[in-house]
Structure formats: structure tokens, C-alpha cells
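*Asks:* Quick one: the structure is below, and I'll ask about it shortly.
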Amino acid sequence: MRKPEDFPRISLGVFPTPIQRLNNISEMLHTNVYIKRDDLTGLGLGGNKTRKLEFLLADAKQRGAQIVFTTGQAQSNHAMLTAAAAGKVGMKAILILKKRGVTQRLGNQLLEYLMGTDVRLMDTDDYADIYKEMDAVGEETGLPYYKIPCGGSNALGTLGYVDCAGEIAKQQTQRFTHLICAEGSGGTMAGLALGAKLFLPGTEVYGMMVDTDPFETITPALMRETAGLMEADVTITPEDYHLRDMCGPGYAIASPQGNEAVRVMAEKEGIFLDPVYTGKAFAGLLEMAAEGAFGPDDRVLFLHSGGAGGLFAVDMN
């Protein structure tokens, strides 16, 4: 089996990120809750995309690309971090984003402005339109270009979170019973679920779905594709991952439950989540606790996948 370290990689982040016990929330929920601080990955304002981009930009470099395209909604954390990473390694990023969400110079749009990023908004709900536009723009430039999918969620990007699961395995002093993350494009969840199967036996992985995409098919498909890339002899089964719908009123739209979860984490632990991804995911953890999913001896690890930029673009009232 090939391990993540066997693949080409560009160093962009600061790893390993710390794991901390959330003492006040643990007391509140009568269980043991920990947080994996992937909001502290070091690039931009931190976030999970750094791990994916280490593999994706290494591949882009190997292929001779000078321009990197990616997409997402207007406040996409992935798009902002792609621009930051591309600039760091001497490449130009062109972001072709859906004209959905907050498009004013707030949050991640402000950060992209500060980096001098070429940002283009398309009034479409179909990513096929955007990928077609990437090809048109890329051909106009006459320069070699590389397309990164929404969220960096292909097999190569998913390797970043297989690697994260291996990192968690080295950090844990006792087995984590549950591992919980936001699922917005699929790669982080698929990587953690596959990584848990390889490196964290007995840990149940939960993806809190913050979009309406069919993650019941996306998640196992990405797991299988990444396992194939790694030449891992594993069979992916429905028992290897768990999904929970936390989308609320829609993707990139804050929910009352998510906003309350952001407040709980801020008040209890002084850690800031965002209302679109991590806030909704943590709301799912709180709901599971209220349903009795965790016992007093369980050890629940919540992945903080970043998103601070988006916090400053959404009305939390």
C-alpha cells in the first residue's frame, strides 16, 4: 500500500495541528469532547484545504501549470486558500465562483482582494458551466493551467485527510470513539473515513452534511477512488461512515442551530467557528449528545476545519 507520504507534496502548512480537550463543553455534555485544530494550519487564516492543496499543487507543478483554477460559492474558504497557496508557490490563481452568497468585499472576498486575486463571478448553479468557462479562460491565456474541483475534493485532495487520520492516530493517547467533521464537498469526510479504516480502528466517523449534494454516493465513491490511488486492499462498506443532514435552510446559508453552536463554542471555549460549515457541524455534535449518542467514557473528536473568513460576511442575528 502506498502511504500519503509516498506522493508528491508541497509544504504549505504547519503540522501536526494540536488536539485539545474542550473542558467546559465536556462538562456540559457529560462526555469527553476534544477538538482537532485544523483552523491553525498556518496558511491564510488556516483551514482544512491546506492539507488537500499540498498534494494538488504538487501535481499542478509537476504538470508544468502556471495558472490554477478553482471554484466554489462567493465566500468559499477553499477558493481563498487556493489563491493564498498559489501565490506562495509562484503560481497565478483564477477563481471562477458561483454568484451565490455574500459577494460584497467582506469575509473571504476581502481576503482575495488583499491578495490581488483574479476573481470572476458566474450567475449559475451548475458547476459544469464553470468548468467549461475555466477551459475557455485558460485557453485565452495561452498558458498551461490546472483545474482544481470544488473543495479540492478528488482522490488526490482526499489524500490530505487520509494523512490527517494518520496524524490523529499518532497523537491519541487513548482511542477516540467518534470523529466528527463538516461535509461540504466530500473530500475531508471521505479522507477521514478511509483514514480511520486504515489507522483508527474502532473510531466511528460522522460527516455533518452542510449541502444537499448526494453524499451517500459521493462519500463512498471518493473513499474507493482514494483507496485505489493508494493501492490499499480495503473494501468500503456503509459501516465505514455515517452521515447526518445539517444543511438547514440551504448551502452557504446560516441556520439557527449552527449560529447557536457558534455561540456555544465561543462562550465556553473561546474558539470561533463559522456559520456555514463548522458551526453546523458542531450543531450536529450537540444534537447527537442530546440524543444520548455519547456515554461518559466516550472520547469525541471534533475537526475544526477553519472558515474564519466567512464569519465576517454573515449576519448572525
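Only the coordinates and a few stated rules stand behind these numbers; no lab work does. In this text, all values refer to a predicted model and were calculated from it rather than measured experimentally. Note that each Cβ is placed from the backbone with ideal geometry, even for glycine, and that neighbours are counted across all protein chains shown.
*Asks:* Mind giving me the FRET efficiency for D315 and E216? R0 is 45 Å, r the Cβ-Cβ distance, nearest 0.05 is fine.
*Replies:* Here the calculated transfer efficiency is 0.90.
*Asks:* Then there's this: How big is the chain by Rg and Dmax over its Cα atoms, in Å?
*Replies:* 18.5, 60
*Asks:* For the pair Y113 and S11, how long in nm is the line joining their label points, each one 7 Å along Cα→Cβ?
*Replies:* That separation, rounded to one decimal, is 3.5 nm.
*Asks:* Okay, moving on. Enter the angle in degrees (range 0 to 90, nearest 10) between the Cα long axis of helix 278-290 and the first principal axis of the Cα atoms of the chain, meaning the one along which they spread out most.
*Replies:* Here the helix axis deviates by roughly 20 degrees.
*Asks:* With the calculation restricted to Cα positions, what are the radius of gyration and Dmax of the stretch 33-100 in angstrom?
*Replies:* Taking only Cα atoms of the stretch 33-100, I get Rg and Dmax of 12.7, 44 Å.
*Asks:* Taking 1 over the mean of 1/r across every pair of different Cα atoms in the stretch 223-317, what Kirkwood radius in Å do you get? Can you show the working numbers first?
*Replies:* On the way: mean 1/r = 0.0658 Å⁻¹.
About 15.2 Å, per the Kirkwood formula over Cα pairs.
*Asks:* Of K99/K268; K3/K268; K197/K280; K36/K132; K3/K92, which ones are farther than 32 Å apart at the Cα? Display every interim value, and only then the final one.
*Replies:* Values: K99/K268 35 Å; K3/K268 38 Å; K197/K280 25 Å; K36/K132 37 Å; K3/K92 30 Å.
Pairs exceeding 32 Å: K99/K268; K3/K268; K36/K132.
*Asks:* Tilt of helix 187-199 relative to the longest C-alpha principal axis of the chain, in degrees (0 to 90, nearest 10)?
*Replies:* 50
*Asks:* In degrees, nearest 10, range 0 to 90: what is the angle between the Cα axis of helix 49-62 and the longest Cα principal axis of the chain?
*Replies:* Tilt relative to the chain: about 30 degrees.
*Asks:* For the charge dipole of the chain, defined by +1 on Lys and Arg C-beta atoms and -1 on Asp and Glu C-beta atoms about the Cα centroid, which residue among T235, L29, G64 has the Cα displaced farthest towards the positive pole?
*Replies:* With unit charges placed on the Cβ atoms, the residue in question is G64.
*Asks:* Looking at the chain, send over the antiparallel percent of its DSSP beta bridges, to the nearest 5.
*Replies:* Working: 4 of 36 bridges.
Here the share of antiparallel DSSP bridges comes out near 10 percent.
*Asks:* At 37 °C and a viscosity of 0.692 mPa s, what translational diffusion coefficient does Stokes-Einstein give for the stretch 1-75, taking Rh as the Kirkwood radius over Cα pairs? Give it in µm²/s as a whole number. Could the numbers behind the result be given before it?
*Replies:* Working: Rh = 15.0 Å.
The diffusion coefficient I find is 219 µm²/s.
*Asks:* Tell me whether the stretch 49-152 comes out rounded, prolate or oblate; compute the Cα gyration tensor, take square roots of the eigenvalues as a ≥ b ≥ c, and use a/c under 1.5 as the rounded threshold.
*Replies:* Working: a/c = 1.62, a/b = 1.22, b/c = 1.32.
Note, shape of the stretch 49-152 comes out oblate.
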